[in-house]
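Since the structure comes first, as structure tokens, the remarks are kept for the end.
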Amino acid sequence: MSSRISIARPQAQASGGYQPDPHGFSNSRPSSGYRAANPDDPLEKIRAFARTVEDNVEIYTQPLKPHLPTIGRFLIVVTFLEDSLRIITQWSDQLWYLQRHRHFPWGISHFFLAINVLTMLIGSGAVITKNHTEYAVGGLLGVVIMQAVGYGLIFDLNFFLRNLSVIGGLVMVFSDSMYTRKALFAGLPSLSETDRKKYFLLAGRLLLIFLFVGFIIRGEWSIARVFVSIIGLAACGMVAVGFKAKWSAAFLVLVLSTFNVFINNWWSVNSAHPQRDFLKYDFFQTLSIVGGLILLVNMGPGGLSVDEKKKTY
């Protein structure tokens, strides 16, 4: 419609008495500091493709969005639920290991296992139902530290990196709970609620990516592994700085979920094989980190991110 409307200014008379634009505001030449977007530019094509992907993801995930926080919370605590079930079903084996190899006195080993099981069950239930989330997260963090020290795995690099990612998921749960709480940490008046959310989301983002670092440094190398590692590291870097964080987190969810099913397939290993428990542990821990990334997709990267800075400017 606009092409049918003439918006041209009247032309100057031959006498020169009329000047339609005396100050030159309508000069069609671009200024030296501006360059019009070129649709044939490869970078412009990549930006257009990225915007199209983001729009499609936004459209087709709308029915799932209301359920993302619940799914993320459940996946984050699923490793604690599995661990508590494993301790209960292998109670005598756990006691034997703690007393024989970790030199726990009789009675102390029983208390250690019991307090771990109770804390994991109660804390996981509180996280899923959003009841006293901050205390539940604190209890589950305590379990992570207790088990690292109690089982002597604190100096195992792979275990350490995985636990950092699990802690990142718990931090994301804590950040998610702050969206619904009106007052928290009343003794810290110097920090506003918004500031606390920004810092917790930043910490959660940084901690979540350590699982992928652990994946890169262990295992045998192949062409496919190198390719996945490069793409995954790029996505991890984007999550860390908060650039296209939702898209990057969604990509990592897909990569880790696929990797988890094909690499940590504990169900295909005989129940008597000792490797089964290790694969099962890795499987559920990876699910917990996927849950943290799902919360990141739902909440966004927070104020301390490139995405938010771009919105500001």
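The values are calculated or read from the model by the stated rules, or taken from the named source; none is laboratory data. Keep in mind that what you see is a predicted model, and the values were worked out from it rather than measured. Counting neighbours? That spans all protein chains shown, and the Cβs are built from the backbone with ideal geometry, glycine included.
A few comments on the model shown:
- Number of the condition not met by GLU54 [criteria: (1) of a type in the set (Asp, Glu); (2) over 23 Å from SER124 (Cβ atoms); (3) touching a helix residue (DSSP H, G or I) at 6+ places or on another chain (Cβ under 7 Å); (4) modelled with pLDDT of 70 or more]: (4)
- Any hit, the stretch 105-120, residues being touching a Leu at 6+ places or on another chain (Cβ under 8 Å), free of Cβ contacts under 8 Å to residues at least 24 places away in the same chain and over 12 Å from VAL173 (Cβ atoms): yes
- Selection of first residues in the stretch 79-90 that are touching a residue at least 24 places away in the same chain (Cβ under 8 Å) and in a helix (DSSP H, G or I) and of second residues that are of a type outside the set (Ser, Thr, Tyr) and surrounded by fewer than 16 Cβ atoms within 10 Å (Cβ to Cβ), restricted to Cβ pairs under 8 Å at least 6 apart or on distinct chains, gives the following pairs, ordered by first then second residue: ARG86/ASP277.
- Checking the stretch 139-156 against the condition returns a match, with at least one residue being in a helix (DSSP H, G or I), modelled with pLDDT of 90 or more, closer than 23 Å to ASN298 by Cα and in contact with a helix residue (DSSP H, G or I) (Cβ under 8 Å, 6 or more places away or on another chain).
- Taking the conditions (1) more than 25 Å from ASP176 (Cα to Cα); (2) in contact with a Gly (Cβ under 8 Å, 6 or more places away or on another chain) in turn, ALA136 satisfies each one other than (1).
- Residue satisfying condition, being part of a helix (DSSP H, G or I), under 27 Å from the mean Cα position of the chain (by Cα) and over 19 Å from LYS280 (Cβ atoms), within set HIS110, HIS67: HIS67
- All conditions in (1) modelled with pLDDT of 85 or more; (2) surrounded by 16 or more Cβ atoms within 10 Å (Cβ to Cβ) hold for ARG162, with the sole exception of (1).
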